[in-house]
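I have placed the structure first, in the form of structure tokens, so that the comments after it can refer back to it.
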Amino acid sequence: ARRVLKPSGQMLVMEDVDQKGRGFITRYIHALDQGKYIRKPNEYRILLEKQWAVIRELDIKSGFCPYQVFILNHRT
């Protein structure tokens, strides 16, 4: 992504996250995740900040699952 994104461009990353207070259905859906690597929001932030500047971060809920949205651009 760094190779194709213009220096002034931004990238949106949206990931399913593990949050406290999640209900039974969310826990069940996460248990079915084949990757088994659903991270907490701060873990994604740490991972992304190694290569990107996090411009904005939002937490959203879509259906039964919580998501963390990161808007990123090139780290200068």
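The values are calculated or read from the model by the stated rules, or taken from the named source; none is laboratory data. Since we're looking at a predicted model, the values are computed, not measured. Positions of Cβ are backbone-derived with ideal geometry, glycine not excepted, and every protein chain shown enters the neighbour counts. Note: accessible area is taken over every heavy atom of the protein model, side chains too, but ligands, DNA and RNA are not part of it. Shrake-Rupley method; radii C 1.70, N 1.55, O 1.52, S 1.80 Å.
The table below lists the values:
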read-out	value
Hits in the range 35-61 - residues which are among the polar types (S, T, N, Q), in contact (Cβ under 8 Å) with a residue 12 or more places away in the chain and assigned to a helix (DSSP H, G or I)	none
Subset of the range 1-18 that is in a loop (DSSP other than H, G, I, E, B) and open to solvent by 60 Å² or more (accessible area, probe 1.4 Å) - its residue that is modelled with the lowest pLDDT	Arg2
Members of the range 48-67 found to be of a type outside the set (Asp, Glu), surrounded by 14 or more Cβ atoms within 10 Å (Cβ to Cβ) and closer than 17 Å to Asp16 by Cβ, listed by number	Leu48, Phe64, Cys65, Pro66, Tyr67
